[in-house]
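Written below as structure tokens is the structure these notes are about.
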Amino acid sequence: MTLIETPLRRVHGLIVVKATVAGPSGELGLMLALDTGSTETVINPWVVDELGYSPRDGEQFTRVRSAIGDEQGYTLRVARFATLGFSHQRFRVHVFDLAEGYGIDGLVGLSFLDHLNYEIRSVENVFRAALV
């Protein structure tokens with residue numbers, strides 16, 4: 001089992017990691033908040049629009065309950081999603097608007113993290129993981 005170690009950054013109190021998402025129009029580099037409280041990996045709509053996707057490419061419309069109320073969105077399989085040294089093809093993301101002002105493009109949630117055996121070492125600002 002190979003252990004991958006990734007440095008973490010803090011932005012506005014959030015743990016932020018770099019990610020790459022691919023679609024019909026190419027690839028985009030993103031800044032995502034690492035969120036172990038989110039069941040889904042979330043991407044802002046402008047990202048999928050720029051990658052060449054539309055809601056018609058989605059699998060299903062959804063409703064997400066958040067601290068600010070119910071938000072509508074949809075799920076979509078992107079060609080490739082990579083972060084923290086790991087990559088998945090045809091990875092399902094949840095598309096909906098996040099609160100602005102944090103400088104992030106989405107969230108890395110448990111739908112991605114559940115494929116890993118990981119630890120977050122906050123004092124050292126390090127994420128360590130191995131693929132399960």
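No lab work stands behind these numbers, since they all come straight from the coordinates. None of the values given here were measured: they were computed from a predicted structure. Reconstructed Cβ throughout: ideal geometry from the backbone, glycine too, with neighbour counts over all protein chains shown.
Looking across Arg56, Arg80, Arg63, one residue alone is surrounded by fewer than 16 Cβ atoms within 10 Å (Cβ to Cβ), outside any loop (DSSP other than H, G, I, E, B) and touching a residue at least 40 places away in the same chain (Cβ under 8 Å). It is Arg80. Counting the residues of the stretch 83-100 that are touching a Pro at 6+ places or on another chain (Cβ under 8 Å) and either part of a strand (DSSP E or B) or closer than 24 Å to Phe127 by Cα (or both) gives 1. Restricting the stretch 43-53 to residues that are assigned to a loop (DSSP other than H, G, I, E, B) and out of contact with any Asp or Glu (no Cβ under 9 Å at 6 or more places or on another chain) leaves a set whose member that is surrounded by the most Cβ atoms within 10 Å (Cβ to Cβ) is Tyr53.
Taking the listed residues Tyr118, Tyr74, Tyr53, the one that is among the aromatic types (Phe, Trp, Tyr) and touching a helix residue (DSSP H, G or I) at 6+ places or on another chain (Cβ under 7 Å) is Tyr74, with no other qualifying. Which residue out of Gly29, Gly73 is part of a strand (DSSP E or B), crowded, with 20+ Cβ neighbours inside 10 Å and free of Cβ contacts under 8 Å to residues at least 40 places away in the same chain? The unique qualifying residue is Gly73.
Checked against the criteria, Val132 does not count as touching a Leu at 6+ places or on another chain (Cβ under 7 Å), touching a residue at least 12 places away in the same chain (Cβ under 8 Å), β-branched (Val, Ile, Thr) and surrounded by 17 or more Cβ atoms within 10 Å (Cβ to Cβ).
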